[in-house]
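The block underneath contains the structure these notes are about, expressed in structure tokens.
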Amino acid sequence: MFGLSQKAVFAGLDPGSYRPHALHDAERMWPETNCYVDLWIEVLNSFGAPPEAMLGFTLTQDFEGDQFTFFKVPLDDLESLYGIRCTELAIYDRVETHLAVQIERGRLCLVEMDSYFLPDTRGVAYRTEHGKTTIAVNRLDIAGRSLDYFHNGGFFRLEDDDFDGLFHHNAAPDEPSFLPYTEFARFPAAPPTPDHLHVEALRLLGVHFARRPAANPVAAFAQVFPEQVTEIAERPFGFFHQYAFNTLRQLGANFELAASHLDWIAPDGSLSEAATEARRVSEVAKSAQFQLARAVTRRKFEPLAGILEPAAEAWDRLFGILAGRIG
């Protein structure tokens, strides 16, 4: 129906030599956060724009009763900061056919795929566990059965049987059509200027500060944490990883990114005290995750008492500081 393409949105990128952005440095507390934000960090890095500018939305994270907000950059922020317009792509033909058309037009497609076929998840999900995750396809070669893609904290290539599995080439005739949720991003001719980014990021920081939770979300989590821990201790240990990812990891990773944003937006150090408090939230969440794993394994939960209090106190101090500076 449509032509096939081997063109790349960002020309010259090679998975073998690609170097991730500093926000994915192995020395950080949370080198990876969640698939959507991690993906945009590397996409913006490849576009030539600083991803730190987009992170003001981290101030809005809340506790949702059973998990912390799975934080994602708002699409309006991407447009106002970088001039990137990201909208849903309708899938009515084969997925790879649609991707080829958009790549030819210089547009990057973000697709929900099965991590079972993604070789970068080796040791976690690759060929062992099916799971939903988002990738961004930079280069697609349908005839050669290969593609290059952004995922989590890097840039990778998959080929051959993984390509066939990813696009359901071996599906039975009576299986439902493969219709994943897909977005496509249209990029401007050039990255924004540093002056534009700083002005707009400061404006958005105020917008997101005004949208902060009405009550301390870490304190709300701490109230139900003991009961939730007791429940997950009765589940298979694999469930611990799902629980920790959606609670402590989302909390910790969110506030480490918040600290990086505050450092970036105020290079004069005027928000360094706030950044320190954000990192304190992140540090406590990291420590709590290790201690939670130990407690579940040993079935000794007393050491978890009060473990989140320092993070709740840091959250209060963080937003108190910001109220005085940008509120």
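The values are calculated or read from the model by the stated rules, or taken from the named source; none is laboratory data. If you're wondering where the values come from, they're calculated on a predicted model, not measured in any experiment. Please note: Cβ atoms are built from the backbone with ideal geometry, for glycine as well, and neighbour counts cover all protein chains shown.
Given the condition touching a Lys or Arg at 6+ places or on another chain (Cβ under 7 Å), over 21 Å from Phe71 (Cα atoms) and surrounded by 21 or more Cβ atoms within 10 Å (Cβ to Cβ), answer yes or no: does some residue in segment 271-279 qualify?
yes
How many of the residues making up segment 124-152 are within 21 Å of Val37 (Cα to Cα) and of a type in the set (Lys, Arg)?
Result for segment 124-152: 2.
Would you check if Asp195 is over 20 Å from the mean Cα position of the chain (by Cα), in the same structural domain as Leu81 (by TED's automatic domain parsing) and over 16 Å from Phe68 (Cβ atoms)?
No.
Determine, yes or no, whether Gln250 is assigned to a helix (DSSP H, G or I), surrounded by 13 or more Cβ atoms within 10 Å (Cβ to Cβ) and either without any contact (Cβ under 8 Å) to a residue 24 or more places away in the chain or polar (S, T, N, Q) (or both).
For Gln250, the condition - assigned to a helix (DSSP H, G or I), surrounded by 13 or more Cβ atoms within 10 Å (Cβ to Cβ) and either without any contact (Cβ under 8 Å) to a residue 24 or more places away in the chain or polar (S, T, N, Q) (or both) - is met.
Please count how many residues of segment 275-302 are in contact with a helix residue (DSSP H, G or I) (Cβ under 7 Å, 6 or more places away or on another chain), under 16 Å from Ile232 (Cα atoms) and assigned to a helix (DSSP H, G or I).
7
Val124 is checked against (1) of a type in the set (Val, Ile, Thr); (2) under 23 Å from Asp25 (Cβ atoms); (3) modelled with pLDDT of 95 or more and fails just one. What number does that condition carry?
Only one criterion in (1) of a type in the set (Val, Ile, Thr); (2) under 23 Å from Asp25 (Cβ atoms); (3) modelled with pLDDT of 95 or more is unmet by Val124, namely (3).
Here is a yes/no grid of residues against (1) surrounded by fewer than 19 Cβ atoms within 10 Å (Cβ to Cβ); (2) assigned to a loop (DSSP other than H, G, I, E, B):
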{"residue": "Arg19", "(1), (2)": "yes, yes"}
{"residue": "Arg28", "(1), (2)": "yes, yes"}
{"residue": "Asn45", "(1), (2)": "no, no"}
{"residue": "Ala49", "(1), (2)": "no, yes"}
{"residue": "Glu52", "(1), (2)": "no, no"}
{"residue": "Leu81", "(1), (2)": "no, no"}
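Tell me the helices (runs of 4 or more DSSP H) entirely within segment 150-239 that contain at least 2 residues that are touching a residue at least 60 places away in the same chain (Cβ under 8 Å) and either out of contact with any His (no Cβ under 8 Å at 6 or more places or on another chain) or surrounded by 14 or more Cβ atoms within 10 Å (Cβ to Cβ) (or both). Spell out how you get there, then give the answer.
On the way: elements: 160-166, 194-210, 217-232.
In segment 150-239, the matching helices (runs of 4 or more DSSP H) lie at 194-210, 217-232.
For segment 100-118, give me each residue that is touching a residue at least 40 places away in the same chain (Cβ under 8 Å) and either among the polar types (S, T, N, Q) or closer than 22 Å to His130 by Cα (or both).
Hits for segment 100-118 are Gln102, Cys109, Leu110, Val111, Glu112, Met113, Asp114, Tyr116, Phe117, Leu118.
Kindly provide the set of residues from segment 58-77 that are farther than 23 Å from Arg279 by Cα and in contact with a helix residue (DSSP H, G or I) (Cβ under 7 Å, 6 or more places away or on another chain), ordered by number.
Asp77, the sole residue that qualifies.
Can you spot a residue in segment 290-309 that is surrounded by fewer than 17 Cβ atoms within 10 Å (Cβ to Cβ) and either in contact with a Phe, Trp or Tyr (Cβ under 7 Å, 6 or more places away or on another chain) or in the same structural domain as Gly65 (by TED's automatic domain parsing) (or both)?
yes
Report whether or not Arg19 is in contact with a Ser or Thr (Cβ under 9 Å, 6 or more places away or on another chain) and farther than 20 Å from Thr182 by Cβ.
Values: in contact with a Ser or Thr (Cβ under 9 Å, 6 or more places away or on another chain): no; farther than 20 Å from Thr182 by Cβ: yes.
Considered against the rule, which asks whether it is in contact with a Ser or Thr (Cβ under 9 Å, 6 or more places away or on another chain) and farther than 20 Å from Thr182 by Cβ, Arg19 comes out as no.
Residues being part of a loop (DSSP other than H, G, I, E, B), surrounded by fewer than 20 Cβ atoms within 10 Å (Cβ to Cβ) and under 20 Å from the mean Cα position of the chain (by Cα): count how many of those fall in segment 108-128.
Count: 5.
Considering segment 116-137 alone, what residues qualify as being touching a Cys at 6+ places or on another chain (Cβ under 6 Å) and among the hydrophobic types (A, V, I, L, M, F, W, C)?
Val137
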